[in-house]
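Please read through the structure below; I'll follow up with questions.
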Amino acid sequence: MKVIVNGEPREVPDDATVASVVESVTDAPSGVAVALNAEIVRRADWAATTMREADRLEVLTAVQGG
Amino acid sequence: MEASPLKAPESPNPASEASEIEYSEQASRSEPCEWSEAMSTEHLVIGGEKFTSRLIMGTGGAPSMRALEEALTASGTELTTVAMRRVNPTAHGSVLDVLRRCGIRVLPNTAGCFTAGEAVLTAKLAREALDTNWIKVEVIADERTLLPDPIELLTAAEQLVADGFVVLPYTNDDPVLARRLEQAGCAAIMPLGSPIGSGLGIRNPHNIELIVEQAGVPVVLDAGIGTASDAALAMELGCDAVLLATAVTRAQEPARMAAAMRHAVTAGRLARTAGRIPKRRYAQASSPWEGIGGS
């Protein structure tokens with residue numbers, strides 16, 4: 001199915017979870033947060049949260065700024 | 001701080017008392033050789049947390065992670081801002097690693113947000129990613145000036161305070177807005193000296209003084225600092241701390257400028273608390289008139 005990850009369209013398996021998609025964009029063990037369709041998904045819930053067609057996933061981390 | 005006619009009759013902010021600056025007059029009398037920011041009796045207190053350094057740093061604009069680390073170390077800062085952005089799989093090194101190595105507390109910001117809704121979501125993402133409920137709220141109106149949008153800023157601040165955040169708002173140098181932000185429960189007020197990255201210094205020192213006079217929470221001069229004298233002036237005007245980034249990170253020698261800022265903030269604070277002489281229209285001789293030879 002097709003989802004949007006950090007603004008880019010991406011094809012993922014039908015059983016994809018938030019955890020599996022996050023793993024595909026970063027291997028950082030911490031310092032990362034996720035919003036699924038503009039709602040925060042806590043790290044503890046990543047593995048149990050399945051992706052659906054056309055979902056928008058944002059994966060953010062801290063960068064230099066301010 | 002003295003009471004001011006501008007001060008709201010009652011502060012609805014329960015944290016304001018705890019957030020006030022601790023200052024012991026007695027402590028100022030001893031050890032004159034050790035005047036420095038290390039004076040343990042005079043901490044900056046924000047949201048119940050104590051800081052020895054009154055210089056809050058940003059991390060934007062540094063030419064490299066190594067230059068950033070050297071500058072942060074030279075600045076003596078204990079609190080430093082980061083922005084939240086989409087992960088970049090090709091990025092090398094993380095600003096978080098630098099802060100961890102330096103033992104500096106992280107202060108995420110909501111830079112780049114134009115609405116209260118965006119700022120609130122960014123703050124929640126930062127809390128989740130960085131395990132802190134501290135947030136520098138920044139809601140800008142346009143990209144050309146990067147000036148805060150006061151309506152969106154106040155809305156975001158109210159929502160974030162209600163959600164348990166320790167809110168440090170980047171705001172205009174408007175005493176009325178500053179008061180509204182404090183009444184909303186913000187842990188500090190962070191007025192700009194001039195636009196972000198402009199290096200124009202403090203364009204309206206009178207307003208900064210008004211904000212300081214009425215504030216029951218720490219006032220942090222945020223944005224516009226160009227060089228050390230600007231930072232010293234902020235402290236002489238009564239600000240409790242200075243937040244700066246560009247002036248250091250884009251200086252030709254960032255670590256050297258960071259050291260300059262560290263000294264400037266300390267000097268300005270000492271000057272403020274020492275009680276400067278009044279300005280006079282005419283001279284006042286510092287040498288005695290009596291006993292001049294040959295007269």
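The values are calculated or read from the model by the stated rules, or taken from the named source; none is laboratory data. Remember, it's a predicted structure, so these values are computed and weren't measured experimentally. Virtual Cβ from ideal backbone geometry, glycine too; neighbours counted across all protein chains shown.
Under 9 Å between Cβ atoms, at least 6 apart or on separate chains: pull out the pairs that start in region B:126-154 with a residue that is without any contact (Cβ under 8 Å) to a residue 24 or more places away in the chain and farther than 11 Å from B:Ala111 by Cα and end on any residue that is part of a helix (DSSP H, G or I) and of a type in the set (D, E, K, R).
B:Glu128/A:Arg43
Condition first: part of a loop (DSSP other than H, G, I, E, B) and either of a type outside the set (Val, Ile, Thr) or surrounded by 24 or more Cβ atoms within 10 Å (Cβ to Cβ) (or both). Now tell me which residues in region B:218-238 satisfy that.
If the condition is that a residue be part of a loop (DSSP other than H, G, I, E, B) and either of a type outside the set (Val, Ile, Thr) or surrounded by 24 or more Cβ atoms within 10 Å (Cβ to Cβ) (or both), then B:Pro218, B:Ala223, B:Gly224, B:Ile225, B:Gly226, B:Leu237, B:Gly238 are the ones that fit.
Hey, B:Gly117 hits all of (1) under 26 Å from B:Arg179 (Cα atoms); (2) within 11 Å of chain A (Cβ to nearest Cβ); (3) in contact with a strand residue (DSSP E or B) (Cβ under 9 Å, 6 or more places away or on another chain) but one; which does it fall short on?
Failed condition: (3).
Spot the failing condition for B:Val98; the list is (1) crowded, with 24+ Cβ neighbours inside 10 Å; (2) over 16 Å from B:Pro169 (Cα atoms), and only one is missed.
Checking B:Val98 against (1) crowded, with 24+ Cβ neighbours inside 10 Å; (2) over 16 Å from B:Pro169 (Cα atoms), the one that fails is (1).
Sticking with this structure for a sec: Residues of region B:158-169 being part of a helix (DSSP H, G or I) and within 12 Å of B:Leu121 (Cα to Cα), which ones?
B:Gln159, B:Leu160
I would also like to ask the following. Does any residue in region B:225-237 that is closer than 12 Å to B:Met257 by Cα come within less than 6 Å, Cβ to Cβ, of a residue that is of a type in the set (Val, Ile, Thr) and at pLDDT 95 or above six or more places away or on a different chain, and which pairs are these?
These pairs meet every condition: B:Ala231/B:Ile225; B:Ala231/B:Val242; B:Ala231/B:Val265.
Taking the condition over 18 Å from the mean Cα position of the chain (by Cα), crowded, with 18+ Cβ neighbours inside 10 Å and more than 9 Å from chain A (Cβ to nearest Cβ), does B:Glu78 pass?
So B:Glu78 does not fit the description; no.
Okay, next question. Kindly provide the set of residues from region B:126-172 that are among the basic types (Lys, Arg) and either away from every other protein chain (no Cβ under 14 Å) or surrounded by 21 or more Cβ atoms within 10 Å (Cβ to Cβ) (or both), ordered by number.
B:Lys136, B:Arg144
So which residues in region B:234-279 are over 25 Å from B:Ser64 (Cα atoms) and not hydrophobic (A, V, I, L, M, F, W, C), if there are any at all?
Across region B:234-279, the qualifying residues are B:Glu236, B:Gly238, B:Asp240, B:Thr266, B:Gly268, B:Arg269, B:Arg272, B:Thr273, B:Gly275, B:Arg276, B:Pro278, B:Lys279.
To continue, here is another question. Just to be sure I understand, how many residues within region A:14-39 are without any contact (Cβ under 8 Å) to a residue 12 or more places away in the chain and over 18 Å from A:Leu60 (Cβ atoms)?
The qualifying residues number 0.
Of all residues in region B:51-71 being assigned to a loop (DSSP other than H, G, I, E, B) and out of contact with any helix residue (DSSP H, G or I) (no Cβ under 9 Å at 6 or more places or on another chain), which is modelled with the highest pLDDT?
For region B:51-71, the residue satisfying everything is B:Thr52.
Another question about this same structure. With respect to B:Ala123, determine if the residue is within 14 Å of another protein chain (Cβ to nearest Cβ) and part of a helix (DSSP H, G or I).
Yes: the conditions hold for B:Ala123.
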